[in-house]
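Below is one structure, written out as structure tokens; comments come after it.
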Amino acid sequence: MDRKPFIIMVASQKGGVGKTTIAINLAAALIYRDYRVLLVDSDTASFSIMEHLGIKGTGNGFKEIVSGKAELADSLFVYQNIDLAIVLGSPSDETPEIKPEHLVRFYSQLAKQDYDFIIIDSQPGLFQNSIARYLNDVIIVTTPDSPSAASSAKLASYCEKLKVPHRLVINRTGYSKFELSKEEVEKLFGDVAYVMFPEDKIVPESLSKKKPVYLMDRGAPFAAAVDEIARVYTLKAGEAQSEEAKSKRKGFFEKVAWWTFKSGKDKEE
Ligand SMILES: Nc1ncnc2c1ncn2[C@@H]1O[C@H](COP(=O)(O)OP(=O)(O)O)[C@@H](O)[C@H]1O
Ligand SMILES: [Mg+2]
């Protein structure tokens, strides 16, 4: 099979800017469009996909797979109903050293998996340059304040240097009147493409309900921004498979009805 997964890393220089929220919701939005998606929690500093989705994982996770103690195929968790495969964070508290060659082995395994998209939720800071060649795109997440944006600009030039395609998400916009203007952002990042994600109260609500925003309310402003970035990747995937995508449209609309039914059912419970 010559179809390769499109690997997207969600990255940032600072923590707490919205990486995990964006990774999970982008995964849901791509599944909604009938793509097969694998989500990977590689944030060894603070694994949090389980926390966001209310998953009590006890099996092997990222660290065990990377260090060769467990096989990727035997360590996948499938998130209820939407068929989202996840490599969860590790249950162990110990922090074994992750050697560059182990990471490369892990990414070369990922590249052989039969998914349309693999979304990596990463730890803050620069990723190892040895994995750059496996990344099809990096989403650099920043908040609209100068310390976060200035450090994110470093991540953007790092991607530039390694020739890894990248784009910017400016998250939590429209919240403070002191936030950076579009002009200031453009001055910092040159012609890097960006999508603005609004501050939205549904995000903390989704965290407390342990459910992705995208499954709670696709009409929410945050979900609309997720759709905008999902469209970027749908187009990239669609360029190669436009005919196949057309034949999937029926499934897409069936899914709308199914999800409406599901969320209605949730309310009754
Ligand atoms: N657009 C947003 N609107 C409101 N709150 C947000 C938004 N994005 C993220 N948050 C909140 O910010 C916090 C950090 O988000 P998280 O995705 O865990 O960040 P990271 O993975 O970068 O550490 C969470 O409490 C989350 O609910
Ligand atoms: Mg996180």
* To do: Give the residues of region 191-223 that are more than 11 Å from ligand 1 (Cβ to nearest atom) and either more than 18 Å from the chain's Cα centre (by Cα) or among the aliphatic types (A, V, I, L, M) (or both), sorted by residue number.
  => 191, 192, 193, 195, 209, 215, 216, 217, 219
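For every residue, the table says whether it meets (1) within 16 Å of ligand 2 (Cβ to nearest atom); (2) buried (at least 21 other Cβ atoms within 10 Å of the Cβ).
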| site | (1), (2) |
| --- | --- |
| 117 | no, yes |
| 124 | yes, no |
| 146 | no, no |
| 181 | no, no |
| 191 | no, no |
* Near pairs, Cβ below 8 angstrom, 6+ apart or cross-chain, from region 92-113 (farther than 14 Å from residue 69 by Cα) to any residue that is basic (Lys, Arg) and outside any helix (DSSP H, G or I) -> 111/4
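Looking at region 127-144, which of its residues are within 16 Å of ligand 2 (Cβ to nearest atom) and either touching a helix residue (DSSP H, G or I) at 6+ places or on another chain (Cβ under 6 Å) or not β-branched (Val, Ile, Thr) (or both)? Steps first, please.
Quick first cut of region 127-144, residues within 16 Å of ligand 2 (Cβ to nearest atom) only: 127, 138-143.
Residues satisfying the conditions are 127, 138, 140, 141, 142.
Would you check if there is a residue in region 143-155 being within 16 Å of ligand 1 (Cβ to nearest atom), free of Cβ contacts under 8 Å to residues at least 60 places away in the same chain and among the hydrophobic types (A, V, I, L, M, F, W, C)? If you could, list the steps in order and put the result at the bottom.
As a first pass, look at region 143-155 and keep what is within 16 Å of ligand 1 (Cβ to nearest atom): 143-145, 147-149, 151-152, 155.
Okay, now just the ones that are also free of Cβ contacts under 8 Å to residues at least 60 places away in the same chain, so 144-145, 149.
Among the residues that remain, those that are also among the hydrophobic types (A, V, I, L, M, F, W, C) are: 149.
The answer is yes, given that some residue of region 143-155 is within 16 Å of ligand 1 (Cβ to nearest atom), free of Cβ contacts under 8 Å to residues at least 60 places away in the same chain and among the hydrophobic types (A, V, I, L, M, F, W, C).
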* Selection from region 120-142 of residues that are farther than 12 Å from residue 13 by Cα, hydroxyl-bearing (Ser, Thr, Tyr) and touching a Ser or Thr at 6+ places or on another chain (Cβ under 8 Å) -> 134
* Asked: Which residue out of 75, 46 is within 16 Å of ligand 2 (Cβ to nearest atom) and part of a loop (DSSP other than H, G, I, E, B)?
  -> 46
* Is it true that residue 73 is surrounded by fewer than 17 Cβ atoms within 10 Å (Cβ to Cβ), under 30 Å from residue 151 (Cα atoms) and aliphatic (A, V, I, L, M)? -> no
* To do: Evaluate region 90-106: report whether one residue or more is in contact with a Phe, Trp or Tyr (Cβ under 8 Å, 6 or more places away or on another chain) and under 25 Å from residue 235 (Cα atoms).
  => no
* To do: Consider only pairs whose beta carbons are under 7 Å apart and that are at least six residues apart or on different chains; among these, list those whose first residue lies in region 8-21 and is on the phi < 0 side of the Ramachandran plot and among the aliphatic types (A, V, I, L, M) and whose second residue is within 8 Å of ligand 2 (Cβ to nearest atom) and assigned to a strand (DSSP E or B).
  => 10/121
* Asked: If you take the residues in region 166-179 that are away from ligand 2 (no atom under 16 Å from the Cβ) and of a type in the set (S, T, N, Q), which one is surrounded by the most Cβ atoms within 10 Å (Cβ to Cβ)?
  -> 173
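A short reminder: the numbers here are calculations on the coordinates, not readings from a lab. Computed from a predicted model, the values in this text were never measured in an experiment. Using ideal geometry, Cβ is built from the backbone for each residue, glycine included, and neighbour counts are taken over all protein chains shown.
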